[in-house]
Amino acid sequence: MAKLVCVMVLVFSALVGVSVAASPDLSDLDFQTELAQREEFPASDFIFKFPTEDQSTKFGNLRNLFINNDPILATLPNGGVAQNLVTLEACAVNQPHSHPRGTEISFVTEGVLLFGFVEENGGRPFVGGNVTKGQTVIIPQGLIHFAQNLGCKEAQFIASFPNRDPGTQTTALNFFGLPLETIRGTTGLSDKEIKKIQASVKANKNPSLDSECAKRCGLKW
């Protein structure tokens, strides 16, 4: 009887032009209990190394542990977690950016790094300072922030997020990717000046170098 009713619904829908949405795939992780999800992975999968560099230049690299490269993160409650392992060579900067879906908690494992963020409109224009090996810094969700190595030796930190997909928006790259008219009206710059900056920002991939710091450290990249 149930099968007959289902067939009649499908026939009626076809006659009147109403589409019937496909049933969800119940084998998908999101439709299983968290316990059932975790049972699909062997115990060894919960012990991991950071993957190879997702974002790399000669001045440093970012190694991301996000949902796109570790499906185990889909099995964790309350949005899951994510991590970055960031290595910055001498005088390098992890360019200003924001994470729209996650607060960042970063632990410095090597060297000294200048961390800073800017608050929303009406807030403080800059909050930050030097963070040394063994210290932790917190970056509130959605705020523009950066990490910069102003020293002459390599530095490294681990950034953790209470979300399996915190997202990243690189500030300069995104802003100078807006329509020319918008940038012109915002900055007061000429089209020629804007295009010059656009080319520079696009070529200056993250992590990038502070040239004055490099001179101070006697570096020749």
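Read-outs: derived from the displayed coordinates by stated rules, not from any lab. On a predicted model such as this, the values are computed, not experimentally measured, just so you know. Don't worry about glycine lacking a Cβ; one is built from the backbone with ideal geometry, like all the others, and counts go over all protein chains shown.
Annotations for the structure displayed:
- Inter-part distance where the range 70-105 and the range 123-151 are each reduced to a Cα centre, Å: 14
- Where labels lie 7 Å past Cα in the beta-carbon direction, separation of C152 and T187 in nm: 3.4
- Label-point separation in nm, T52 to E110, each point 7 Å along Cα→Cβ: 2.0
- Of K49/K220; K153/K195; K49/K133; K49/K153, those spanning more than 29 Å from alpha-carbon to alpha-carbon: K49/K220; K153/K195
- Footprinting exposure proxy for V108, V81 (fewest neighbouring C-beta atoms within 10 Å first): V81, V108
- Nearest 10 degrees, 0 to 90: helix 191-203 Cα axis against the chain principal axis: 80
- Counting neighbouring beta carbons within 10 Å and listing from fewest to most, the residues L173, L113, L209 come out as L173, L209, L113.
- For mean projected area of the Cα convex hull in nm², computed directly from the structure shown, the correct entry in [x] 19.9; [y] 12.6; [z] 14.9 is [x].
- Overall form of the range 115-221: oblate. Here a/c, set by the Cα gyration tensor axes a ≥ b ≥ c, is 1.5 or more, and a/b is not larger than b/c.
- A Förster distance of 30 Å, applied to the separation of the beta-carbon atoms of S44 and K205, puts the FRET efficiency at 0.30.
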